[in-house]
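Below are the structure tokens for one structure; questions will follow.
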Amino acid sequence: MFNVPEDLRSIYVKEVLSILLPGIRPEFINSSLISSEEIQTDVDPAALLTARHEYLPKNDRFIHFTSLRSLHSILNERAIRLYSLDNANDPKEFAWLADQFGYRGHQLVNFRRGTGLLSMCLPSVLEREDGDTLNLWRFYGNNGHGCAIELHFNDTNWSDEYLLGEVQYSKLDMSAFLEANSLFERRHKIRVDLKSIGKVPSCLHKSHLFSSEKEVRLLRLADYPPPVQYSQRARGAYYSDFNARGELVGYWKLPLFEHSLWKPYVWITKVHIGFQYSLNQFEALEKHIQRIFRVWKNDKPDLPVPNIEHSPLGESFRA
């Protein structure tokens with residue numbers, strides 16, 4: 001592939017891409033000639049967040065609801081798992097918007113299998129006692145028998161592989177952008193491959209039916225998963241597992257409390273134990289989790305030990 005002439009790239013950014021991504025600048029775009037008749041345009045994921053501020057999370061701490069079994073796995077592995085998009089509950093995950101950017105067939109399947117996702121929400125959800133909060137515990141916190149982990153992200157080591165974005169519960173209006181893109185293609189007698197432009201927005205838009213989740217996503221972007229015939233060493237941080245539906249899915253492993261080049265630094269600041277546990281049960285779980293962290297501190301003396309809290313919803317909803 002060859003670089004696109006600077007003037008052509010600038011024209012595309014100014015006349016076409018700025019409609020979809022207001023404020024985007026040419027230096028954040030990497031355009032290549034796939035052939036004499038087609039251009040591929042890559043947008044820096046971080047630049048996309050600044051071009052559309054609604055994607056930018058309003059915090060650096062987020063809540064991940066899960067089961068105690070999964071919490072135990074996280075603490076034993078000292079890592080969080082970003083499961084592939086095809087593990088999501090929504091069967092239209094990514095495809096809901098991606099088809100408008102040209103994703104079809106194996107390209108759609110490969111991106112869903114290759115891209116990892118950790119679903120979270122803002123900490124404010126735990127400050128409310130309403131139906132939305134109760135449903136998050138029901139659906140993702142093992143009906144109050146699980147936990148809610150508060151994760152804190154340091155944004156100094158992000159690469160173009162990882163992205164933290166806030167989900168929008170609406171269909172992205174593509175009409176003006178697609179019309180301008182079509183006009184550009186006709187005028188310059190060249191086709192633009194939109195898939196690289198659309199992969200991040202397609203990960204951050206869902207139907208309004210899911211709006212109560214108020215989701216923030218940690219994404220590990222990959223156009224395809226590592227081939228299964230590769231050794232684990234060659235596959236790196238990509239692994240396989242079976243989900244609750246008995247389906248084979250992939251996941252990316254991101255270490256906790258570990259400074260690593262081009263990966264976000266993540267640590268646990270709080271663990272909220274579900275509301276179904278009695279006070280005695282909570283105290284036993286609290287001691288067990290603290291014991292794990294004391295062992296962990298033998299290897300990492302500067303490890304911050306999280307606060308362990310009991311969900312106040314038990315007063316109203318404990319069975």
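Among the residues of segment 111-170, which ones are of a type in the set (S, T, N, Q), assigned to a strand (DSSP E or B) and farther than 26 Å from Ile273 by Cβ?
If the condition is that a residue be of a type in the set (S, T, N, Q), assigned to a strand (DSSP E or B) and farther than 26 Å from Ile273 by Cβ, then Gln168 is the only one that fits.
Condition check ((1) surrounded by 11 or more Cβ atoms within 10 Å (Cβ to Cβ); (2) touching a residue at least 40 places away in the same chain (Cβ under 8 Å)) across all residues:
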{"site": "Glu215", "(1), (2)": "yes, yes"}
{"site": "Leu218", "(1), (2)": "yes, yes"}
{"site": "Pro227", "(1), (2)": "no, no"}
{"site": "Ala244", "(1), (2)": "no, no"}
{"site": "Tyr251", "(1), (2)": "yes, yes"}
{"site": "His272", "(1), (2)": "yes, yes"}
{"site": "Phe282", "(1), (2)": "yes, no"}
{"site": "Lys297", "(1), (2)": "yes, no"}
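Identify, by number, the condition in (1) surrounded by fewer than 19 Cβ atoms within 10 Å (Cβ to Cβ); (2) in contact with a helix residue (DSSP H, G or I) (Cβ under 7 Å, 6 or more places away or on another chain) that Trp267 doesn't meet.
So the condition that Trp267 fails would be (2).
Looking for something assigned by TED's automatic domain parsing to the domain that holds Arg112, surrounded by fewer than 21 Cβ atoms within 10 Å (Cβ to Cβ) and either among the aromatic types (Phe, Trp, Tyr) or part of a strand (DSSP E or B) (or both) - is there at least one such residue anywhere in segment 67-80? Steps first, please.
Initially, segment 67-80 is screened for residues assigned by TED's automatic domain parsing to the domain that holds Arg112, giving 67-80.
Then keep just the ones that are surrounded by fewer than 21 Cβ atoms within 10 Å (Cβ to Cβ); that gives 67-70, 72-79.
Of the ones still in play, those that are also either among the aromatic types (Phe, Trp, Tyr) or part of a strand (DSSP E or B) (or both) are 79.
Yes: one or more hits.
Further, regarding this structure: Specify the residue that is surrounded by the most Cβ atoms within 10 Å (Cβ to Cβ); the eligible residues are those in segment 51-66 that are part of a helix (DSSP H, G or I) and over 14 Å from the mean Cα position of the chain (by Cα).
Ala51
Right, something else. Please work out which residue is farthest from Val167 (Cα to Cα), limiting yourself to segment 182-203 and to residues that are of a type in the set (A, V, I, L, M) and under 27 Å from the mean Cα position of the chain (by Cα). Please lay out each step first, then the result.
We begin by selecting, within segment 182-203, every residue of a type in the set (A, V, I, L, M); these are 183, 190, 192, 194, 197, 200.
Subsequent filtering for residues that are under 27 Å from the mean Cα position of the chain (by Cα) retains 192, 194, 197, 200.
Working: Val192: 26, Leu194: 21, Ile197: 17, Val200: 11 Å.
Looking at the filtered set, the residue picked out is Val192.
Okay, moving on. Keeping to segment 32-80, report how many residues are of a type in the set (D, E, K, R) and under 15 Å from Leu164 (Cα atoms).
The number of residues fulfilling the criteria is 6.
Out of the residues in segment 109-133 meeting the condition of being in contact with a helix residue (DSSP H, G or I) (Cβ under 7 Å, 6 or more places away or on another chain) and at pLDDT 90 or above, tell me which one is surrounded by the fewest Cβ atoms within 10 Å (Cβ to Cβ).
Step by step, filter segment 109-133, then rank; the result is Arg113.
In addition: I'm trying to understand the selection: among the residues of segment 204-255, which are at pLDDT below 85, within 19 Å of the chain's Cα centre (by Cα) and closer than 25 Å to Asn135 by Cα?
Of everything in segment 204-255, just one residue is at pLDDT below 85, within 19 Å of the chain's Cα centre (by Cα) and closer than 25 Å to Asn135 by Cα, namely Asn243.
The values are calculated or read from the model by the stated rules, or taken from the named source; none is laboratory data. The structure presented is a predicted model; accordingly, all values stated were derived computationally and were not measured. Cβ coordinates were reconstructed from backbone atoms using ideal geometry, including for glycine residues, and neighbour counts include every protein chain displayed.
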